[in-house]
Amino acid sequence: MTGQAAATGPAAAPTQTAASNQAAGRALIFSATFGVVYGLCFYYNWPLFAYYPQVNEAHFSGQLVETLGPPILWYGWLATAGLVAVAAAYLVPRAVSDRLWHGWAWIIPAAVVVVILIYERRWFVTPPQ
C-alpha cells in the first residue's frame, strides 16, 4: 500500500500546481480589470441597472426614472465591473496572465481606490471659504 501511495502522490502534485497557477492568473486578471472598470463605471456613471429602494424595483434601462425616488447606482456599477472582469479573466490567454507580476492584483485596485477618493474628496474635505 505504501508503494501505491508514493506512486500517486508525486503524480497528483503537478496537476494541483497547474490548476493553482491557472486560478492565480485568472484572479490577477479579474482583480485588476474589476478595479479599473469599476473606476470607469463610477466616473462615467455606467450602471448595468438602477435600484430604486422606495419601490423595491430594479430598472435595466439607461434612463433614470425620477418619479420612483432616488436610485442606488452602486449595485449596477458592481455588476457591470464584475461581468467585464469575469469575461476578461476567461478571455485573456493563460500565457499572458502567467507572465504578469502578482503584485498587480493589489496595486491596481489600491490605486483605483486612491483615485476615487481624490475624485470624491469634496465629501470629506470642505474647501476654505
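Checking residue 25 against (1) surrounded by 14 or more Cβ atoms within 10 Å (Cβ to Cβ); (2) modelled with pLDDT of 95 or more, only one condition comes out false. Which one?
(2)
Taking residue 101 as the residue in question, decide whether it is aromatic (Phe, Trp, Tyr) and within 18 Å of residue 26 (Cα to Cα). Spell out how you get there, then give the answer.
On the way: aromatic (Phe, Trp, Tyr): yes; within 18 Å of residue 26 (Cα to Cα): yes.
Spelling it out, residue 101 is indeed aromatic (Phe, Trp, Tyr) and within 18 Å of residue 26 (Cα to Cα).
Any residue in region 46-56 that is surrounded by fewer than 18 Cβ atoms within 10 Å (Cβ to Cβ), in contact with a helix residue (DSSP H, G or I) (Cβ under 7 Å, 6 or more places away or on another chain) and under 23 Å from residue 92 (Cβ atoms)?
yes
Run residue 85 past the list (1) small (Gly, Ala, Ser); (2) within 18 Å of residue 44 (Cα to Cα); (3) exposed (fewer than 11 other Cβ atoms within 10 Å of the Cβ) and report the number of the one that doesn't hold.
With (1) small (Gly, Ala, Ser); (2) within 18 Å of residue 44 (Cα to Cα); (3) exposed (fewer than 11 other Cβ atoms within 10 Å of the Cβ) applied to residue 85, the lone miss is (3).
The values are calculated or read from the model by the stated rules, or taken from the named source; none is laboratory data. Owing to the predicted nature of the structure, the values given are computational and were not obtained by experimental measurement. All Cβ positions, even for glycine, are placed from backbone atoms using ideal geometry, and neighbour counts span all protein chains on display.
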